[in-house]
Amino acid sequence: MNSYGTLFKITLYGESHQEAIGVVVDGMPAGININEELIAQDIEKRKPKDIGTTPRKEVDHVHILSGVFNGFSTGSPIHLMIKNENIKSSDYSHLKKQPRPGHADFVSQVKYQGFQDYRGGGRFSGRLTAALVAAGSLAKMILPFKFSNKLLQVGTLKDMNRLDEYLQDIVEKGDSVGGIVEVRVSNMIVGLGEPFFHKLDAEIGKMMLSIPAVKGVSIGDGFDGIELLGSEFNDVMTNQEGKTLTNHSGGTSGGLSNGNDLVIKVFVKPTSSIQKEQQTFDFEKGEVDALKIGGRHDACIARRIGIVLENTVAIVLADLYLINKAYQK
């Protein structure tokens, strides 16, 4: 539904063009120094600034409405709220009769019998990931790990030094393009994960695929491992802490963290909402007709989704970290 986690639990609320979006974080231990500057820095990384990102500019100030007193967590639920201030709902009225190809417009119309908020994609909008970033910032505050992310590929481009030039051409064509992002977590410990159905790999996959536009997740080498033999893929241990010579398995063994870097690669599909005219079904006319979507959209979501993926992994790890500590003697 709209909540995730056992001991570190988040509940996500809001829609793209409602008054606000936000998240309630339950299970934050008391006495944690709440670094609001870290939250602001992570939110800033998500904002559109570069070629290929949406013209929609939001202030995205995170309001902490509960659970923090004198700069420290109190142990009660922390409510993080972000106002939606730059909305143009009229841009989306025509999509009720002509749903966007590749988008959730049609399926949400059927599932919710027309009562869904369709403006800006509503509940299915990437706008909600701002709240996930804020929750992930809190998660990082209780974890001893180091997080990073980087863009590996955009469309056919692997040289990120040419990214602006490549995306400018996509924007001028009114189209969009996908990308592959790597998230890496260092200083990991051994044993995070709860087999059978709450393995570390499984939880990461579930959370990554919950993010709008994510269509593929791999741990370590992932599908690239198809070309390796077992003797090549196996990560040989080099010391009693479990460090390995290679890291083909991406920091997990049997669904548990093995102490090596956690390496996750995520495929983010091309944005569904493009400026280029498309042919798709018109429910009022009862036939396929031309569609001009309009509105303000990213030509490449992958360009600014890195911090979203990174902080969502932090949410997963925070939950499993607290569970692991609860089981320790």
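Laboratory data are not the source of any read-out in this text; all were calculated from the coordinates shown. Bear in mind that the values here come from a model prediction, so they are computed numbers and not experimental data. Using ideal geometry, Cβ is built from the backbone for each residue, glycine included, and neighbour counts are taken over all protein chains shown.
R0 = 41 Å: FRET efficiency of Ser210 with Gln240, Cβ-based, nearest 0.05?
On the way: r = 37 Å, r/R0 = 0.91.
That pair, Ser210 with Gln240, gives E of 0.65.
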* What order do you get for Val171, Val24, Val107 when you list them from fewest to most C-beta neighbours inside 10 Å? -> Val107, Val171, Val24
* In nm, give the distance between the simple-model label positions of Gln278 and Leu152, each being 7 Å from the Cα along the Cα-to-Cβ direction. => 2.6
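As a footprinting exposure proxy, order Asp105, Asp289, Asp235 by other Cβ within 10 Å, with the fewest listed first.
On the way: Asp105 22, Asp289 13, Asp235 19.
Going from least to most buried by this count: Asp289, Asp235, Asp105.
Taking only DSSP H segments of four or more residues, each worth -39500 (n - 2.57), what value at 222 nm results for the chain once the sum is divided by all its residues, to the nearest 500 deg cm²/dmol?
On the way: 7 runs with 76 residues, N = 329.
After summing the helix terms and dividing by the residues of the chain, the value is -7000 deg cm²/dmol.
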* If you find the alpha carbon centre of the range 15-51 and of the range 249-306, how far apart are they in angstrom? -> 22
* Structure fact -> Length gained if Phe106 through Phe72 is fully extended, taking 0.36 nm per residue and subtracting the Cα-Cα distance, is 7.8 nm
* Structure fact -> Per the C-alpha gyration tensor (a ≥ b ≥ c, the square roots of its eigenvalues), the range 125-236 is rounded if a/c is under 1.5, else prolate if a/b beats b/c, else oblate; here it's oblate
* Compare Arg162, Arg184, Arg119 in a GNM of the chain, Cα atoms joined below 10 Å, and give the one with the largest fluctuation. => Arg162
* FRET efficiency estimate (nearest 0.05) - Cβ-Cβ, Asp175 to Lys97, R0 25 angstrom -> 0.60
* Structure fact -> Connecting every pair of Cα atoms under 10 Å apart in the chain and solving the GNM, the largest mean-square fluctuation among Glu287, Glu36, Glu182 falls on Glu287
* the range 42-53 - phi-based ³J(HN,Hα) in whole Hz, Karplus 6.51/-1.76/1.60, Gly and Pro as x -> 5, 4, 4, 5, 7, 5, x, 9, 9, 4, x, 10
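Counting other C-beta atoms within 10 Å, which of Leu80, Leu163 has the fewest, and how do the rest follow? Spell out each step's value before the answer.
On the way: Leu80 25, Leu163 18.
Listed from fewest to most nearby Cβ atoms, that is Leu163, Leu80.
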* For the range 3-327, what class follows from the C-alpha gyration tensor (a ≥ b ≥ c being the square roots of its eigenvalues): rounded when a/c is under 1.5, otherwise prolate if a/b is larger than b/c, else oblate? -> oblate
* **Inter-centroid distance (Cα atoms) of the range 113-136 relative to the range 148-199, Å** => 21
* Give the peptides 133-142, 291-300 in descending order of average Cβ contacts within 10 Å, highest first. => 133-142, 291-300
* Asked: Hey, with R₀ at 35 Å, roughly what FRET efficiency would Glu165 and Lys57 work out to, going by the Cβ-Cβ distance, to 0.05?
  -> 0.90
